[in-house]
Amino acid sequence: MAAIRNAENRSSRQTDDLGAAARAHLIQPWPVAGEIGAETRGGIVAGEGIYVTDLEGRRLIDGPAGMWCTNAGHACEPIARTLYDQGMALSYNSPWYTMSEPSVRLSQRLAAHSPADLGHVFYTTGGSSAVETALRFMQFSNNVQGRPEKKKVVARQGGYHGSTYLSASLNGRPRDHDWMDSASGMVIKLSCPNPFRRPAGQSVEAFCDGLVAEFRQVIETEGAERIGAFIAEPIMASGGVIVPPPGYLARMRDLCRQNDILFIADEVVTAFGRLGHVFASEAVFGIEPDMITFAKGVTSGYFPLGGVMISDALLETLRRSNHADAMFAHGLTYSSHPIGCAVAETNLDLLEGGLLAHAREIAPYFQAQLKTLEDLPLVGEVRGLGLMACVECVADRESNNPLALDLEVGKRIDAHCQRLGLLVRPLIHMCVMSPPLTITRSQIDDLVSILRKGISLTQDELAREGLWKG
């Protein structure tokens, strides 16, 4: 509370000084060239529960939960206490030569929650490095098995998998590749499984059939002997919370199994309660992947940690190979970090202790209340699952065309909402909501009410500027 009071008393001079220092010295993530190293962004100085406080002292609902990650909420005392206690007990150990109790205990607990035989975990520092690890493991495994040509990765348009060189190469959003190099030769992109964008008049079932047929055709054309893995977010998060057609993931998994292609479920967003379970692959979508990547909610954002759950069968295949001396020469200074693993254990205590059950109980209300926004003319669709949702704005409901709109419409809505007390995750013409799992019904009502006002104000603004006819 002291931090909040300090924020409320912060002078405009202090705010200006902070902005000037940021422009002079701080390079923000994902900048544009014209502002790189010379920009300032909205400042957040405190957080409590589902709320954050900005530099002006405004208390805002944290609609995106940071970056899909503050699942247990801000200022969670048990997690904060663990950070201190573990730091005083053991702040670091080298994973090259030693191991820590927290990393071993957490591994046991994660294995108990994992589907099928995903009984081992390799720890990383976040989601990008988790995906990078999964890809490098696939490459290593095929090299050891004498299949050096089996390396291509199948991903999807609209997907997002990270910012490292290999993980970013998988991304299916055009703007991610406009000015950045990538290992594009190793990646095959399938169509985005977005039912909202299916051809006019086509049923969802037929749409799903087409997606599966496309993958089958790619396997036949490329050759299964050249494809090492298929990677998929169970729900495309940064692509706009794309929930695939029913049965899609299971059918894609079957094709992978039939053709000896590893199925990597990228659960960086969907794990640790976002869909009401520690892992969603089996519990929600009925699939048993070969690997699961995770990060974000594993520590509720209190410490950078990620990892890859790996099938016991894959490890056993390597142990039985004729190359016992082949080294998986991959690791990070902060792999298996004792503080991160200890924090993740406490976070898991909270999830198992009631937060998962609360998320499952509150999710239908969250989705239903957000769905009411579809009565606004600017809104084309509200979609989601669990405690993640997207409001997609369109120029008109007949074409569902977003391109005729001001492409900054998401930012416009976010700006209005911030003045009203809500942070939004703007994605061009879309607004993403993924609040902390601790959110209550009355807080959902507040969130939806503010979002409705923000969209309505944006409608009026666009109409006045002649950018939207309504």
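Where a number appears in this text, it was derived from the coordinates with a stated rule and is not lab data. Note that the structure is a prediction, hence the values are computed from the model and not measured. With ideal geometry, Cβ positions are generated from the backbone for all residues, glycine too; neighbour counts draw on all protein chains shown.
Points to keep in mind about this one:
- Across the range 44-59, rounded Karplus estimates of 3J(HN,Hα) from the backbone phi angles (6.51 cos²θ - 1.76 cosθ + 1.60, θ = phi - 60°) give 10, 10, 7, x, 7, x, 8, 10, 10, 10, 8, 4, 8, x, 6, 8 Hz, Gly and Pro being marked x.
- Rounded to whole Å, sorted largest first: equivalent-ellipsoid semi-axes of the range 114-336, Cα gyration tensor: 26, 21, 17
- Total charge dipole magnitude, the range 163-216, about the Cα centre, Cβ charges on Lys, Arg, Asp, Glu only, Debye to nearest 20: 80 debye
- Note that the range 161-171 has calculated 3J(HN,Hα) couplings of 10, x, 10, 6, 4, 6, 5, 5, 5, 7, 4 Hz, one per residue in order, obtained from phi through the Karplus relation 6.51 cos²θ - 1.76 cosθ + 1.60 (θ = phi - 60°); glycine and proline are x.
- Charge dipole (the range 114-336, unit charges on Cβ, about Cα centre) - positive-most of GLY297, VAL154, ALA200: ALA200
- Order by protection proxy (mean Cβ within 10 Å, highest first), peptides 142-154, 443-455: 443-455, 142-154
- For the cross-link pairs LYS371/LYS469; LYS296/LYS469; LYS189/LYS469; LYS411/LYS469, the ones whose C-alpha atoms lie over 30 Å apart are LYS296/LYS469; LYS189/LYS469.
- Between the range 22-45 and the range 142-171, the alpha-carbon center distance in angstrom: 31 Å
- Charge tally in the Cβ shell below 12 Å around VAL131, where Lys, Arg are +1 and Asp, Glu are -1, VAL131 excluded: -3
- Residues with amide H under 5 Å from that of GLY239, placed H, sequence gap 5 or more: TYR160
- Other-chain or far-sequence residues with amide H under 5 Å of ILE188's (modelled H): VAL153, VAL154, ALA155
- Charges were assigned to the Cβ only: +1 to each Lys and Arg, -1 to each Asp and Glu. The resulting dipole of the range 230-271 about its Cα centre is roughly 140 debye.
- The phi torsions of the range 24-33, fed into the Karplus equation with coefficients 6.51, -1.76 and 1.60 and a -60° offset, translate into couplings of 7, 9, 9, 9, 7, x, 6, x, 8, 4 Hz, rounded to whole numbers, with Gly and Pro shown as x.
- Once backbone amide H atoms are built at 1.01 Å from N, GLY380 has GLU392, CYS393, VAL394 as its partners under 5 Å, excluding neighbours fewer than 5 places away on the same chain.
- Likely footprinting exposure, MET433, MET180, MET186, MET138, fewest C-beta neighbours within 10 Å first: MET180, MET186, MET138, MET433
- When only the Cβ of Lys, Arg, Asp and Glu is charged (+1, +1, -1, -1), the dipole of the range 114-336 relative to its Cα centre reaches about 300 debye.
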